[in-house]
Structures are given as structure tokens and as C-alpha cells.
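The numbers here are math on the coordinates, done by the rules we state, and not lab data. Because the structure is a prediction, the values reported are computed rather than measured. No Cβ is skipped: glycine too gets one built from the backbone with ideal geometry, and neighbour counts run over all protein chains shown.
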Amino acid sequence: MRAIIIGGGKVGGYLAQELRRSGRAVIVVEPDETRARRVGEQTGALVIVGDGTDLRLLEGLDIRPSDFVLAVTGVDEANLVACQLTRTTFGVTKVLARLNDPRNRHTFETLDIPVVSVTDLLVQVISHEMDLGELVRVAILGRGEVSLLEVEIPADRTPRRVSDVTLPESSVLVAIRRDGTVVVPGGATMIEPGDRVLAVTLVELEDEVRDALTREADVADAETTPRLERPLTIDDAD
């Protein structure tokens, strides 16, 4: 089964990279030549420069009913049209659209086009782990080009405070899962071995966030870092 990705931006490029790593044949359609060239060089996928809503271009891809079409541009209208065209013209049954604006959901549902919304996923995952009343406010940037990342802290790491972790810009720690409980982190909250840390970051910064959370603490930090006697609640958070 081939994956046809409409949109070679940050999300489309990341998907192409991951699907190629899993051995999938991938075709990316991206109108911007510079972006298309970069995706091709970074992923090894076949990249076509053009409009993913152009029927003639899609016909040239020899799309088959067994293909999986992922429309992940930053424009909901383009994603809608690409999914509808490939489904009705080529008989593709597996389509998925990125939803950028939740207000457009009804249109996708009317046409029975499944969508994925990063904002929705964020709410669902966190709501499952904690009461809504415990949520801290998180700014979602990049029109959905963000990732909710869970990182497990290695067992041999030294405990350290959240304030001692240097995260890349546009990244924030949302929660820490520990022994069946959820901690809403403040600056003094301890990150301990075995913790599973939930972070929100831009897709392209995932590796930096993982490295920041899992690297060994500096000796000076380890010597001066106090341990908390209990998990923090929202009232304790900075």
C-alpha cells in the first residue's frame, strides 16, 4: 500500500519520513519547489511539484484504490478537495484529512471524510489522564503543527527540577505520569526516573525535547536539587 501525502510542509514532511522508515512507498505532492526539494532530500520519498487538488496531476500519479491518501496541508479546503477527488475518482477508501480549523468539522463530516485535529487529540489525551479542572492553559501554535509527545525518563537518571530542564522555544511540559497518578508540573516539581512526561512542542523539535528530558542532570544540579514529599497540584504550579 502506497501513501500519497498531499502537502509537504512540516507535518507532511514528518509523515513522509516516518512512513519511509517503516518501509512504505511514499509520494508527496507539494506546490512549493523549495519545500518539495527539501522533503525529497530529507526523506527519500518521491516528491511531485504541483497542486494536490489538480485532477490531471492526480491522474498522473496512477492512484490505486489500495493507496492511502493523507491530505495534510494548512488549508482545510485543499485537504477536503484532495480527499474527495481521490475517493470519488480513483476509488480510494482510505483517506484522512488534517483539520486546521475546528469550525470546518461539519463540512468534513457531511462528506464522510475522516479528520485528525491536533487540538482535539491534545484535549482527549489530557482529559483522559486528569480532571479538566486541573488543566493548565497551553497555547497551541503553528496552526496545528504541534506534537503531544510522551517521554519516559530512563531508570538510571538523576532526579531534577523542571526548572533545571532547558527546553527549546515553543515547548511546554503539560503533565507528569507517575505510579498511576498525574502531576501538573511547576518549576519546583521533580522529574524522576521512570516518569512519563507529556510535552507539547513543534513537530520538528521533538528530538530536542526528548534529549532535554532524558539527558543526565549536571552534577551541580543533582547536589542542590531537593526532593518533593508529595506530587504538586494545580494550586502549587508556577
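Please arrange V47, V203 by how many other C-beta atoms lie within 10 Å of their C-beta, fewest to most. Kindly include the intermediate steps, with their values, before the conclusion.
Values: V47 25, V203 18.
With the fewest neighbours first, V47, V203 line up as V203, V47.
Residues S147, S66, S22, arranged from fewest to most other Cβ atoms within 10 angstrom of their Cβ, appear as S22, S66, S147. Distance from the alpha carbon centroid of the stretch 191-210 to that of the stretch 49-78 works out to 33 angstrom. Normalised by the number of residues in the stretch 3-116, the average gap of Cα pairs under 8 Å and 6 or more apart makes the relative contact order 23 percent. In terms of its C-alpha gyration tensor, the stretch 3-116 comes out prolate, because a/c is 1.5 or above and the ratio a/b outweighs b/c.
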